[in-house]
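Below is one structure, written out as C-alpha cells; the observations come after it.
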Amino acid sequence: MVDLAILIPVLPALGWLIISVFSKALGSKGSAWLATTLMALSAAIAIGLFIEINSAAPNWKAEPLEKLYDLEHHKTAGAESTTADHSAATKPTTTAEGETAVVEPITALTEEADKKAELLREALPSSNRALSGFPFVREWSWLSIKGEAGLPFGFYFDQTAGIVVLMVSVVAFLIHLFSVGYMAGEERYPTFFAYINLFAAAMLAMVMAKNLFHVLLFWEIMGVMSYLLIGFFYKKKTAQQAMKKAFMTVRVGDLAFMAGLFWLYSSFKTLDIPTILEAGASGELLRVLGVTAAGGIGLLLFIAAMGKSAQFPLHVWLADAMEGPTPVSAMIHAATMVAAGVYLVARAYPILEVGHVLPFVALIGGFTAIFAASMAPAQADAKKIMAFSTLSQLGYMFLSLGAFGYTAALFHLLTHAFFKALLFLGSGSMIHGSGTQDIFEMDRLAKYQKWTLGTVWVGALSLMGAPLFAGFWSKDEILHAVQSAGGLYWILWLMAVITAILTAFYTTRMMIIAFYKPKTASPWAAAPWNNEGEPTLNISKTELELQKAHEHGHHVSDHPHESGPEMIIPLVLLATMAMVMGFVGSPFANGWFQRFVYFGEAPELVPLGAAVPGFIVSILLVAAGAGASYMLYGGARDHTKQIAPIWLTRLLQRRYFIDDFYYHGFVRLAEDIQYPLAWFDKNVVDRIVDGFGIVTGAVGDTLRRAQSGAVGLYAWLMVVGGAVIALAFAFAQGGNK
C-alpha cells in the first residue's frame, strides 16, 4: 500500500483538474460526486497505508511502560526503596587520613538505570521490533541539475504522518459528502468542489512531505485555497474583506517560515525531516546549530504555526473566515489549515526543544486557549461560537506541545478533528434547517431536527470533555502533561482548567438556546456597537446595509426542518467517531495511541491509578461549566436577559478591540503611506518610463527614414560606412607607431 500512497493527494488534485476543465460536461451533480468519489478513494488508500504503518511500527507493551512511568516518577514501592538506598549510600564516612567524605550513590543510580533498561527491553521485545525499512520513504529526483542530487521530492511515513493522513482524508471525505446536499443550488457549485478537492490534496501532500521545503510548498497552496474558499461568496463585501484579512495575516507567519528555512538550510545544510529527527535524537542538532541558532529557527517556525493555526496575536483571521460556506469552515477548523500549524511544530519538535522555545510555545498556547474561550459566551452566531472554540482548542494543543506533551497534543488533534467537524457540519444542518446563523432565532430545533440534535449533542459533549466522549480522554492527557511539567507550568495548568470550565459553559449555552428555546430577536442586534458596520472587517454601516439588501443565503424559516440524507449520514458517522475515537488512547485500549505516537526514547504511558485524579478533575470542570450555564439559560428562564455588564459584553463582542488596533495601527498607516507613494509612482516613475518610450520612439522614427528602399542610397551608405571604417583603422595604426 505504501507504493500507492502517492495517490492519496494525487486523486483529489486530479479531481480539481478535471472539474476545472470539464465542469460543463460533468454538470453540477457530476462534479460533486466525482470530487467526493475521488476523496473516498483517497481515504480508502489512507486507511490501507495506516494499517501497514501500524503493522510495521514498534509494538510497545503497556505493562512495562506503566512500571517505567512509576520508576521515573518515583511513585512505586521499588522507587521508594531506591530512594532509601540512595539515602543510605550518601551517609558520611571517614577516610584513612581522618577526613570526612560522602560516598556517592553510584550503586543506587546504576541499579535504577539497569532497571529502566530492563523495562525498556521488556516493553519492546526483539521479536516485535519495527519491520525493516520502517519508517517508509519514497523518493524521486526533483530539481536535479547536471547529475547533482538537487532537492529530491519524497514522502515520509512514520506513525505521526500515518495517523494525521488518516484523519485528514477521512474527515475531508465526510465533509465532501455533506457538501453534496448542503451546497446544492448554489452558484459555482462545481467550482466549490474543485476548490475543496485541491484544499484537501494540499494538506495531505504537506503531511506526507519528506522535506521541509515541500512542506512550505504545499503550505502555500493551502493558503491560496483558503483565500478562495473563504471568499467563495465573493459578491459579499464581508467575504471580500475576510478573505483578504485571512490571507494577509497568515502571510506574516509564512514570511517567518521562509526565513526559518533559509536559516536552517544555511546552518544545517539540509531540510530533510528524517535527518532532522535523527540529529535531534543523537545530539548532532545541538552540536551543529547550538542553542542560539536553534532557538531563532524554532521561534520563526513557531511564528509560522501561529499564523496558520491562528494563535495570539495572529488569531484575528479565524473568526471572520466564517464568511465562507459552512463546509469550508469545517475543512479549515478540522481537517486542514489550522491543523497544519500543529503538525509543523510536531515535525520541528527537536529544533524547538534544542532551542528552548517550548516554554514560549506553551505560554502562547495557554493564553490563546483562555483568551479565545472568554469571547465565545458573548457570541450569537453559531459558527463564530465554534470558531472561538477552535482557537481555544488549538491553544490547548500548543500548550501541550510546549509542556513536553507531544503525544497528548497529537491525540487531541485527532479527536478534535472529528468532533469539531461534527460540530461545524452540525451547525450547518442547524442553519440549513432554520435559515439563520443566530442561535436566538433558531426556534426550538429539538422539535424538528432529531438527528441533528443527537449528533450535535455528541460533538458538544466531546468538546466539553464529558466522560467517555473523545474529548474527555485527550483533554485529560493535556492537563496531565501540563501538570507534570512542574515549575511555573502550574500557572498554565490553572489557565487550562479555567478554559475547560468556560468551554463547558458556552457549549451548553449554545445547545440550550438553539435547540430548546423559542426564537426571538437577537438581544445584541440593536446594541450600538453592533450598528456601526463591521469594524473587525473595516466595513461601514452603509456598506453593510447595502450587502444585506442583496445578501446571499436563506431567510429565517417559520417551520424548521431536518436535513437530507447526504447531510445526516456524515453527521452520524462523525458522531460515532467522536464517541469511540477517544478510546484508542484510554485505559480500555491500554493506551494504544500513546504507544503508537510518541516522541523520545520510549512512549510515556500513565498508569490508571495515576490518571484517576485527573479524570475526577475533568468531570468536575464539565459539571461546573455546564451547571452554571443551565442555571443562567435553562428551564423557564429568559435566555435573552442581559447577564454580563454592558461594558464587558461590548469588550468581548468587539474582541478586546485588537482588530481595531490592527486596523488603526497598521492598515491606516499603510493607507497614509500609499498616497505619497502613489504620487511618486505617477509623477516620477511613470514619467521616467514614459521618457524612455519617447526617446525610443524618436530614435525609431529617425532610423526608419533610412529604410527608404532605394538601392542607390543603400550603396552610397555602404561606401561611406566602409570609408569611415578604413579611416578609423588607419588612424589606429598610425597611433600604434
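Residues are listed down the side, and each one gets a yes or a no for (1) basic (Lys, Arg); (2) touching a residue at least 24 places away in the same chain (Cβ under 8 Å); (3) open to solvent by 10 Å² or more (accessible area, probe 1.4 Å):
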position	(1), (2), (3)
Gly465	no, yes, no
Gly471	no, yes, no
His480	no, yes, yes
Leu488	no, no, yes
Leu494	no, no, yes
Val497	no, yes, yes
Met510	no, yes, no
Ala514	no, yes, no
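Of all residues being open to solvent by 10 Å² or more (accessible area, probe 1.4 Å) and under 28 Å from the mean Cα position of the chain (by Cα) in region 437-452, which is nearest to Pro377 (Cα to Cα)? Just the residue, please. Applying the filter and picking the extreme gives Asp438.
When Leu669, Leu632 are screened for being surrounded by fewer than 15 Cβ atoms within 10 Å (Cβ to Cβ) and either more than 30 Å from the chain's Cα centre (by Cα) or free of Cβ contacts under 8 Å to residues at least 40 places away in the same chain (or both), only Leu669 passes.
Residue under question is Leu608, and the condition is that it be open to solvent by 70 Å² or more (accessible area, probe 1.4 Å) and either over 16 Å from Met510 (Cβ atoms) or not acidic (Asp, Glu) (or both); does it hold?
yes
Among residues that are in a helix (DSSP H, G or I), surrounded by 18 or more Cβ atoms within 10 Å (Cβ to Cβ) and within 16 Å of the chain's Cα centre (by Cα), Gly260 is not included.
Within the set Trp647, Trp679, Trp716, the sole residue that is of a type in the set (A, V, I, L, M, F, W, C), without any contact (Cβ under 8 Å) to a residue 12 or more places away in the chain and loosely packed, with under 10 Cβ neighbours inside 10 Å turns out to be Trp647. If the condition is being in contact (Cβ under 8 Å) with a residue 40 or more places away in the chain and of a type in the set (Gly, Ala, Ser), then region 575-599 contributes Ala575, Ala578, Gly582, Gly585, Ser586, Gly591. Of the residues making up region 529-543, those that are touching a helix residue (DSSP H, G or I) at 6+ places or on another chain (Cβ under 9 Å), at pLDDT 75 or above and either over 21 Å from Phe661 (Cβ atoms) or assigned to a loop (DSSP other than H, G, I, E, B) (or both) number 3.
Within region 518-538, the set of residues being free of Cβ contacts under 8 Å to residues at least 40 places away in the same chain and polar (S, T, N, Q) comprises Asn531 only. Considering each of Ile303, Ile297, Ile276 in turn, give the residue that is of a type in the set (Val, Ile, Thr), open to solvent by 10 Å² or more (accessible area, probe 1.4 Å) and in a helix (DSSP H, G or I). Only one candidate qualifies: Ile303. Among the candidates Ala319, Ala310, Ala346, Ala334, which residue alone is surrounded by fewer than 23 Cβ atoms within 10 Å (Cβ to Cβ) and either under 17 Å from the mean Cα position of the chain (by Cα) or under 25 Å from Ser374 (Cα atoms) (or both)? That would be Ala346, the only listed residue that is surrounded by fewer than 23 Cβ atoms within 10 Å (Cβ to Cβ) and either under 17 Å from the mean Cα position of the chain (by Cα) or under 25 Å from Ser374 (Cα atoms) (or both).
Among all residues of region 398-411, there is at least one that is open to solvent by 10 Å² or more (accessible area, probe 1.4 Å), among the β-branched types (Val, Ile, Thr) and at pLDDT 95 or above.
Listed by position, the helices (runs of 4 or more DSSP H) enclosed by region 131-245 that each have at least 2 residues that are under 30 Å from Ala25 (Cβ atoms), free of Cβ contacts under 8 Å to residues at least 60 places away in the same chain and open to solvent by 10 Å² or more (accessible area, probe 1.4 Å) are 212-230. All of Ser462, Ser484, Ser474 fail the test of being of a type in the set (S, T, N, Q), under 24 Å from Leu445 (Cα atoms) and in a helix (DSSP H, G or I), apart from Ser462.
Residue count for region 598-627 under the criterion of being modelled with pLDDT of 95 or more and farther than 17 Å from Lys475 by Cβ: the result is 1.
Taking region 123-139 as the range and being modelled with pLDDT under 85 and either under 26 Å from the mean Cα position of the chain (by Cα) or charged (D, E, K, R) (or both) as the test, only Arg129 passes. Taking Phe371 as the residue in question, decide whether it is part of a helix (DSSP H, G or I), open to solvent by 10 Å² or more (accessible area, probe 1.4 Å), at pLDDT 95 or above and of a type outside the set (D, E, K, R). So Phe371 fits the description; yes.
The values are calculated or read from the model by the stated rules, or taken from the named source; none is laboratory data. On a predicted model such as this, the values are computed, not experimentally measured, just so you know. Virtual Cβ from ideal backbone geometry, glycine too; neighbours counted across all protein chains shown. Please note that ligands, DNA and RNA were not included when accessible areas were found on the heavy atoms of the full protein model with its side chains. Shrake-Rupley method; radii C 1.70, N 1.55, O 1.52, S 1.80 Å.
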